[in-house]
């Protein structure tokens, strides 16, 4: 490689950030990097609904692009770079594993804004956003505790990261409150989306006596497995999964990214975009509780809705003491609520849960 | 008239080289039809995949990426091709790739934050040794107990994946990662970072190693007695035994070498483009390399070209996804077609088509 081509390369690299913005007309380009296929019916599906909401809201003023099923790692870095090169003004990277690639690309494109979902690293042009899914988990846990007859609740977990552990704890605390005899059986699937593995996990849990299954994975395979087994309750995850209504799916947690995506796109258009860390819940509408079907007794439904209203109003925090950790040590005193820093780094089970978090 | 397949007395040398080219052309046609069925302009889609990364507006970024994506494929495929020629089927390169990454990264993480010149060379040795050891499991089992190396090496991929997850969550987890899985980022550890040799060129040590492996394999197969034994064993096992070739030694050599090369590829990847040990570290290079080996006719220079072509379909495919809105599954189908058509067209190497009159065909 000659010095001249090197210099040309360097000059191009410097010009990178400015050039695409000039090359485009005044349309704002918004890009999305998805970890799964848009047809997963769960996590990625809801992000794509958010993308479509942007298109509908802004019409011709905004153009959106996306790339689905992007592996976390080196390939993600290329996919994000490619979007930035092609003139994206705002890029949403919608999986935890895209964190380091997002930060790395953001360094090379200071004029492009980045939004990374569920991570913890920020930069002047990188925001993070996530939803307080644990608020929804608390409501699910209550319903699960009331609905189980075998007193065994199965839980399909994805990866042992704080977000997932938080969900297990929130669901368990409220299931125990509703039913002191309830036990949780947890299977770690080590995937966000793999219908075959998720179905295997659901079947294994059902064989172990679970008659309620909660999932932190994105496909509808557990719903299908429950339907086949009969008499097993499930909840929609990330998306409503309404095709399994009214049974086995009796309710759901719906991630609603639409208002946030529209607001952030508007901020880029207005030039008011700033780096921030957002963690919204039921109150702000980022977490929604899908219809609780008639398969749930009326009184349980009323209790669940009351719990939802209390959380939304800020009257009740799902992690309120007295709570102990699994090893019996004290965590929260009577009336004390968990602070966000502890929740964001949660790496322990609460008292009563069996088994260990994989290390 | 009827078309008849007639076995050639000798495999056609011409078709040996023509069939990959024909396979690429047929793949373009069938892929174009697939894209058209999806409502996209087939010419634009094919042009995006094959033209855009090399000559398009942002080629200055994509060309180096071809090396980054192609290097591990070539390095692994070179190792596999030695075995494939001798009839030793290592299907578990993905597992050897993972173990090489773990041992290589393990050295770096154990020595962190020490800065010294010998760390990176030590990581290369450790990566190769890790892959070699993982490849030796099916080799020794085959030599000692006559197990099937295809099954054993493949099953060990899943064992390696579990080990990877355990490492990312446990011993190798970043102590400053706030409880999240994944190791420290080696890109931020200068002594261990497999950085680009010239900024923006995509050339890292893994690319250099792949090129050396290509030349080394070429010399080995063409000039060395061991290469002769490999070829002879693949073509005529009985004759090879009479010529004094030990099939056991050859099995150990082939699985060991391919394991070591796959392990090195994993180490270069974890220390460079990927940067960290994470649960989803492996993205299928070990399996795609099997396609690359066959697409390259098990010939070192063929593999070099095939690896770059495969990298092109990956990168071009990503551009097509993002720019034209093609679904990811369509791109994967397109890549699958390539091997499918290659195997189909390969018939022409050993058979020729002849038009025969009906009466003769009946007789």
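Here are the numbers for this structure:
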| quantity | calculated |
| --- | --- |
| Selected from B:95, B:131, B:284 as most flexible by GNM, with chain B as the system and alpha-carbon contacts under 10 Å | B:284 |
| Residue with peak Gaussian network fluctuation, chain A [Cα springs, cutoff 10 Å], from A:142, A:116, A:57 | A:57 |
| Simple label model, 7 Å out from Cα along Cβ direction - residue A:347 to residue B:351, nm | 6.1 |
| Global form of region A:12-131, assessed from the alpha-carbon gyration tensor, a/c cut-off 1.5 | oblate |
| Mean separation of Cα contacts under 8 Å, 6 or more apart, over the residue count of chain A: relative contact order % | 16 |
| Sites residue B:30 and residue A:208 - FRET efficiency at Förster radius 41 Å, r taken between beta-carbons, to 0.05 | 0.30 |
| Beta bridges by DSSP in chain A, antiparallel share as percent, to the nearest 5 | 20 |
| Centroid-to-centroid separation of region B:203-255 and region B:129-148 [C-alpha atoms, Å] | 17 |
| Contour minus Cα-Cα distance for residue B:344 and residue B:166 (0.36 nm per residue) | 60.0 nm |
| Region A:12-131 - share of DSSP beta bridges that are antiparallel (%, nearest 5) | 5 |
| Surface/4 estimate of mean projected area, convex hull on alpha-carbon atoms of chain A, nm² | 19.7 |
| Cα long-axis angle, helix A:133-147 against chain A (0 to 90 degrees, to the nearest 10) | 20 |
| Calculated FRET value between residue A:330 and residue B:116, using beta carbons and R₀ = 51 Å, to 0.05 | 0.65 |
| FRET efficiency estimate (nearest 0.05) - Cβ-Cβ, residue A:276 to residue A:56, R0 25 angstrom | 0.50 |
| Over region A:171-269, relative contact order from alpha-carbon pairs under 8 Å, at least 6 apart, % | 18 |
| 10 Å Cβ neighbours from other chains, averaged over peptide A:98-104 | 2 |
| Antiparallel bridges, percent of DSSP beta bridges restricted to the protein assembly as shown (to nearest 5) | 30 |
| Degrees between helix A:43-58 axis and first principal axis of chain A (Cα, 0 to 90, nearest 10) | 50 |
| Gap separating the Cα centres of region A:65-98 and region B:157-174, nearest whole Å | 25 |
| Relative contact order (%) - criterion: Cα under 8 Å, at least six apart; region: chain B | 37 |
| Choice from A:94, A:44, A:320 with maximal GNM fluctuation in chain A (Cα, 10 Å cutoff) | A:320 |
| Evaluated at q = 0.07, 0.09, 0.11 Å⁻¹: base-10 log I(q)/I(0), Debye formula over Cα of chain B | -0.34, -0.56, -0.81 |
| Cα shape, region A:218-359, gyration tensor, a/c 1.5 rule | oblate |
| Global form of the protein assembly as shown, assessed from the alpha-carbon gyration tensor, a/c cut-off 1.5 | prolate |
| Chain B, helix-only ellipticity at 222 nm - DSSP H runs n ≥ 4, -39,500 (n - 2.57), divided by all residues, nearest 500 | -23500 deg cm²/dmol |
| Degrees, to the nearest 10: B:328-345 long Cα axis against longest axis of chain B | 50 |
| Cα point-scatterer Debye curve for region B:202-298, base-10 log of I(q)/I(0) at q = 0.16 Å⁻¹ | -0.81 |
| B:60, A:114 arranged by Cβ crowding within 10 Å, fewest neighbours leading | B:60, A:114 |
| Cβ neighbours within 10 Å from other chains - mean over B:203-211 | 0 |
| Mean projected area in nm² (Cα convex hull; one quarter of hull surface) for region B:138-211 | 8.0 |
| Shielding score for A:70-83, defined as the mean number of other chain Cβ atoms within 10 Å | 6 |
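None of the figures in this text is laboratory data; all of them are computed from the coordinates on show. All of these numbers come straight from a predicted model, not from anything done at the bench. Reconstructed Cβ throughout: ideal geometry from the backbone, glycine too, with neighbour counts over all protein chains shown.
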